[in-house]
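In what follows, a structure is listed as structure tokens, so that the remarks can point back to it.
Every number in this text was worked out from the coordinates using simple rules, so none of it is lab data. Every value quoted in this text rests on a predicted model; they were computed, and no experiment measured them. Counting neighbours? That spans all protein chains shown, and the Cβs are built from the backbone with ideal geometry, glycine included.
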Amino acid sequence: MSTKLNPNPLQEPGRSSRNIDPCIVVIFGATGDLTGRKLAPALYNLGREGMLPPNFACVGFARREKTHEQFRSELKQDIGSYSRTQPIDEGFWNKFQEQIFYHRSEFDDDQGYRALADFLRQLDNRYATRGNRLFYLSVQPKFFPIIVQKLKANGLIYDSKTEGKWSRVIVEKPFGHDFGSAAILQKELSKDLDESQTYRIDHYLGKETVQNILVFRFANSIFESLWNYKHIDHVQITVAEEIGIGTRGQFFEEEGLLRDILQNHMMQLLSLVAMEPPVSLSASAIRDEKVKVLQSIRPLSPNDFENTVIRGQYGPGFINGQPVNGYRKEADVDPKSSVETYVALRLFIDNWRWAGVPFYLRGGKRLPKRGTEIAVTFKDAPGVLFQQQGKKHDPNVLALRIQPDEGISMKINCKVPGPSSPIQPVKMDFRYGSYFGQSPPEAYERLIWDCIVGDSTLFARADEVAQSWQIYTPLLEYWASHPPKDLPNYASGSWGPAAANAMIEKDGRTWRIL
Amino acid sequence: MTIQQIVDPDHIESELLKIWEALAAEKKMRASLFNLIVFTRLSPRTDYIRSIVQKVVEKFPCRTLFVSQDGSAKHSFLKTAVSVVVPNLGESTVACDQIDIGVAGDNLEKVPFLLLPHILPDLPVYLLWAEDPSQPHPLFAPLSAIATRIIFDSESADHLLPFAEKLLEIHTKRNIDIADLNWARTEGWRDLIASTFDTEKRLAELKQISSLKLIYNARETEFFCHLKIQAMYLLAWLSSRLSWQFLKATKKLHFEFCPKIHATIESTHWENLGSGTVISVEIAAGGLTFEAARIPEQYHRVNIQISSSQTCELPYQFLLGQTATGQSLVKEITTKGTSTHYLAMLKELTRLGLGDLC
């Protein structure tokens, strides 16, 4: 067996996380919401904890006129509002901000890119960043191709085989609107960008608890041996949000919940729960296995569209005792909109491990509480012992709580003390907060850092995205030609439409209450 | 921390339970990732060791069993006390148990028996041995026997050579994970050097090294008096990583290595910087000069300047991290395995002819 040799004797593999290539991070859409809420706090926290390379600079690229000082001051304000660590470490910030710059240009202006290239060269000289570039496209997807094309044309994206320096591009979701548009977008990007340079971000994969799914499954032998159709009755994946669409009316009218949450985040969770053990922990090995899961999903049929896929839209109701509007009364929303804010559906994975095991997926806005969870329900024990008046015991349920209150719980049956021996389900609970105290890094911190070190494990590969769209595009087309007649069909603050309950109850099961 | 309750040894668990019941109203959650046994002799260093334990607990809640031996007591005694440690992190809901054992005289032999029933099962047992392991102590063998990892601090060693030999012996004989607080304290500098010399070209230049100068902070305190150790660690680490051959050393801490490398360790005095901390590193190698020095008043930042006869790169800064009390220290002593670099460095120390140098 060959052993990977460490070429640098000063570095100890697996121990130091500080040997990172110097680089410049360029954020497109630097004046946008995502930069302020997530990217700036992520870079600040990475820097503060010494996780960024010492030779580092950050350039914000946007269309508004602004000075470096104005940009820095706005970022500071955002960090003060949104960083997980407060208050701002003034000593650190004062030094860090000197490495932050602003560059104004239109996204399609060659002159702007030429000026950017010159500016980055100057920064290379000043900060010894060696020409390494990370471009973060925090812009609407329609700008992805033109930005990448201009970057390439101006020598800012190198050939992937260029030695000694690298260029990488992070693209935000949504990656396409359906299978066809995703394929066109991919074709456009791949003209100028190699797959190894493309980092399609799905921030769910940056969450510690999502990464823990692999550890939980493959570092604990007791669960993996039960992780199949012989022992598992069904799996429920829930992404519930208490909030409505807020100020994202226009976006949501175009996208809907299926595109916003289900096609990407929920399918990532499903892939991680259902995948086979990878041959190694390399990015390609893990992503190969995830793609196989998606390839094994039984295509949804027109019969499924009618019976096992439920779409919903919230009407008025109450959240935390306060009245809230229905979706159609939200800002920038068509008063007759038929866009879904809730989806529940059943999928089957037609492979050896999961034959016949239904996966119920449910995601929605304006549900009673925020919570993301994967619940694995095991088959009943043979019912010959401990029967109580003909009633079956509760099944064992293993729940992986992704957010909030991250943790893992296991429902088991237990004897109530006393002579009559009734059986009571009890919960064994592991809470991340209890064990690991401090707040974990934000997903964006982990993902930006991974991109700087060139690890694409937690980013979606082109074939993953395409495969996921392939599953849902027929459904989206069906929905487009069959507008629903009963929307809104659930009250804000409820657990969704009655039809979703009926769908799962028909299978003899019920949705979990989070 | 809740107020310490002095209890009879057989009431330790029941008293802890009472404290937890009282804390229930504050919604504090009892948590423990591992058992941490700490042994120290009562001295001015004890408070420092307690502060390290507090940092560990803040990052990783654990059950602490803190044993302090009073070597100056006139009478033999054994006192036990319990408390609950709440990390100083605002409104943290997590807290954990602490069991304190004060001991003197012939009661020492009872300590292992007293500890055993209070080890939480199925969790790792870390032993922080805050004394010199090269000096025989009746508790070391029984406590290390139940430990899954032993954390030392070479600062507590009277002499570095027997310390290094003893640790290598422990690691070889027991194949147990070991860590060293002083090694953790130099992590930032090792990262700095590794990340600076991270290309083939730079590494090739470093291999042509002709001189190395390390400057450390010679500010002595009540509990930090072996001040050269961190600088010695860095020297031995570089020497082991770059396969230098030791030739000779002088009492003034001048070292000669083959091929033609001259290394010196010098001291200066910075009042507010941790004692023994490395302040600067200078390397001359193949026409290249590398200078890295802490910035006064911003001690955890290092200014780096690289120049040659032809070029002078713009200086840049490296964030060392506040290793003395920070996260990297806690990680080093709890979650990482034994560093192979550390073991190689210890071996190198045994070759450096330390004699009475350290």
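Write down the percent of antiparallel bridges among all DSSP beta bridges whose residues are both part of chain A, to the nearest 5.
On the way: 45 of 77 bridges.
Antiparallel bridges: around 60 percent, rounded to the nearest 5.
Note on B:LYS74 and B:LYS252: with the Förster distance fixed at 45 Å, the Cβ-Cβ geometry gives a FRET efficiency of about 0.55.
The helix-based estimate of mean residue ellipticity at 222 nm for the protein assembly as shown, built from -39,500 (n - 2.57) per DSSP H run of four or more residues and divided by its residue count, is -9500 deg cm²/dmol to the nearest 500. Given a Förster distance of 60 angstrom, what is the FRET efficiency for A:PHE218 paired with B:GLU26, based on the Cβ-Cβ distance and rounded to 0.05? Efficiency, from the Cβ-Cβ distance: 0.95. Past the 32 Å Cα-Cα mark, which pairs from A:LYS150/A:LYS173; B:LYS173/B:LYS260; A:LYS207/A:LYS292; A:LYS415/B:LYS28; A:LYS76/A:LYS191; A:LYS369/B:LYS28? B:LYS173/B:LYS260; A:LYS76/A:LYS191, as the Cα separations exceed 32 Å there. A straight line joining the Cα centroids of the range A:182-220 and the range B:1-77 runs 45 Å.
Each label was represented as a point 7 Å from its Cα along the Cα-to-Cβ direction; for B:ILE119 and B:GLN310 these points are 6.2 nm apart.
Against the main long axis of the alpha-carbon atoms of chain A, helix A:443-453 sits at an angle near 50°.
Overall, the range B:5-147 carries a charge dipole of about 280 debye about its Cα centre when +1 sits on the Cβ of Lys and Arg and -1 on the Cβ of Asp and Glu, all other atoms neutral. Taking θ as phi - 60° and the Karplus parameters 6.51, -1.76 and 1.60, the scalar couplings of the range A:216-225 work out to 4, 6, 9, 10, 10, 5, 5, 7, 4, 5 Hz in sequence order, x denoting glycine and proline.
For A:LYS506, a cut-off of 20 angstrom between C-alpha atoms picks up these lysines, skipping any fewer than 8 places away in its own chain: A:LYS379, A:LYS391, A:LYS392.
DSSP finds beta bridges in the range B:5-147, and of those with both partners inside it, around 40 percent are antiparallel. For the range A:44-52, backbone phi angles converted through the Karplus equation (6.51, -1.76, 1.60; θ = phi - 60°) give residue-by-residue couplings of 4, 5, 4, x, 4, 8, x, 8, 8 Hz, Gly and Pro being listed as x.
If you restrict to DSSP beta bridges whose two residues both lie in the protein assembly as shown, what percentage is antiparallel, to the nearest 5?
Restricted to the protein assembly as shown, the bridges split so that about 60 percent are antiparallel.
Place +1 on the Cβ of every Lys and Arg and -1 on the Cβ of every Asp and Glu in chain B, take the dipole about the Cα centre, and give the residue among B:LEU343, B:SER68, B:LEU36 whose Cα lies farthest towards its positive end. Value computed over the given set: B:LEU343.
Ranking B:LEU78, B:VAL56, B:PRO9 by Cα position along the charge dipole of the range B:1-127, where only Lys, Arg, Asp and Glu carry charges on their C-beta atoms, puts B:VAL56 farthest toward the positive end.
Suppose R0 equals 45 Å. What FRET efficiency, 1/(1 + (r/R0)^6) with r the Cβ-Cβ distance, do A:GLU477 and A:ILE423 give to the nearest 0.05? Intermediate values should be presented prior to the final figure.
Numbers: r = 49 Å, r/R0 = 1.08.
Calculated value: 0.40.
Let me check I've understood the local charge: for A:LEU257, count other residues with C-beta under 14 angstrom from its C-beta, Lys and Arg +1, Asp and Glu -1. What total comes out?
Values: positive: A:LYS173, A:ARG248, A:ARG259, A:ARG311, A:ARG362, A:LYS365, A:ARG366; negative: A:GLU241, A:GLU253, A:GLU254, A:GLU255, A:ASP260, A:GLU330, A:GLU340.
Cβ neighbours under 14 Å give a net charge of 0.
The Rg/Rh ratio for the protein assembly as shown, using Cα coordinates for both the radius of gyration and the Kirkwood hydrodynamic radius, is 0.99.
Farthest towards the positive end of the charge dipole of the range B:185-351, among the residues B:LEU273, B:ALA236, B:ALA194, is the Cα of B:ALA236, using unit charges on the Cβ of Lys, Arg, Asp and Glu.
Taking a straight Cα-Cα cut-off under 19 Å and skipping sequence neighbours fewer than 8 places away in the same chain, the aspartates and glutamates within cross-link reach of A:LYS336 are A:GLU253, A:GLU254, A:GLU255, A:ASP486. Taking a straight Cα-Cα cut-off under 17 Å and skipping sequence neighbours fewer than 8 places away in the same chain, the aspartates and glutamates within cross-link reach of B:LYS213 are B:GLU205, B:GLU256, B:GLU266, B:GLU282, B:GLU291.
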